[in-house]
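Working notes for the structure below.
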Amino acid sequence: MTKLNLPNLFDLEILNKIRREIIFYALFLLLAWISIFFLFPRIFPYLLYPYFHLLKEKSLVFISLEEALFVVLRASFYIAFALTLPLLIIRLFRALSSEIYAYEKRLLKRLIFISIGLAIAGIFTGYFIFTPFFLKIFLYFGKNFENNLRIAGFLFFLLKVVLFSMVIFQIPLLFALLIKEDIITEELYRRRRLYFWGGFYGLSLLFSPADFFSQLLLTLFFYLFFKLSFIIARILK
């Protein structure tokens, strides 16, 4: 099996290329941040949709004049960073592509494409599925109290859930790399199936609420990720 022979990242010429790309990306990120900051009034209703879909009569509040400004600044930066990060990855790949072999280029192109696709799927899943799901859980525990949630509290909760979802959706890619290197094989899965299912259930205990039904659903979710990894591994070969 061919192994990656990536360029020496401490080579002076490569470091200069990386530095130029990072400077370009930093300027582009700043421009995107400023643009999203001024467009934030149009973006804001979409960020609040999961909350008002569940609690139409409960408004969000801020407790100081400067809080709203800092919330918009931070939120617009996180959004700009998430939207522009693929550009940095692609430009770094192009800058380093002359230093690697053709088969390595093909593999890295596929890795980048699949990773970005999984991240986009994670964003939509986090926004439409995970956020309402967690909101229902947390609001259930707070049903005996007066709900007076701050804008910063909800907005950064939403962004953390979406980021968490993006990271979770990279799990199939990690499994796929292990499968590609023959560390995990279908034969190993057939022989150690119960161990794999136990591992999936152990992961579900970390991420799901205490009820058994939700844990089973999340275990199935990780199993589907695992099966998807075999398909991704075939694409990477």
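In table form, for the structure just shown:
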{"item": "Qualifying positions in region 34-82 - open to solvent by 80 Å² or more (accessible area, probe 1.4 Å) and touching a helix residue (DSSP H, G or I) at 6+ places or on another chain (Cβ under 6 Å)", "result": "F62, Y78"}
{"item": "Test result for V167, assigned by the TED database to the domain that holds A119 and either touching a His at 6+ places or on another chain (Cβ under 9 Å) or loosely packed, with under 14 Cβ neighbours inside 10 Å (or both)", "result": "yes"}
{"item": "Residue satisfying condition, being open to solvent by less than 40 Å² (accessible area, probe 1.4 Å), of a type in the set (S, T, Y) and within 27 Å of L108 (Cα to Cα), within set S204, S229", "result": "S229"}
{"item": "Residue match in region 152-159 (condition: in the same structural domain as K17 (by the TED database), touching an Asp or Glu at 6+ places or on another chain (Cβ under 9 Å) and open to solvent by less than 30 Å² (accessible area, probe 1.4 Å))", "result": "yes"}
{"item": "Some residue of region 121-134 being under 23 Å from L30 (Cβ atoms) and touching a residue at least 24 places away in the same chain (Cβ under 8 Å)", "result": "yes"}
{"item": "Boolean, E181 is in contact (Cβ under 8 Å) with a residue 60 or more places away in the chain and among the acidic types (D, E)", "result": "yes"}
{"item": "Matching entry among F145, F212 (being in the same structural domain as H53 (by the TED database), free of Cβ contacts under 8 Å to residues at least 24 places away in the same chain and surrounded by fewer than 18 Cβ atoms within 10 Å (Cβ to Cβ))", "result": "F145"}
{"item": "Selection count, region 116-142, where residues are of a type in the set (V, I, T) and either under 15 Å from F207 (Cβ atoms) or not assigned by the TED database to the domain that holds L87 (or both)", "result": "4"}
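The values are calculated or read from the model by the stated rules, or taken from the named source; none is laboratory data. Bear in mind the structure is a predicted one, so any value in this text is a computation, not a measurement. Note that each Cβ is placed from the backbone with ideal geometry, even for glycine, and that neighbours are counted across all protein chains shown. Heavy atoms of the whole protein, side chains included, go into the accessibility calculation; ligands, DNA and RNA do not. Shrake-Rupley method; radii C 1.70, N 1.55, O 1.52, S 1.80 Å.
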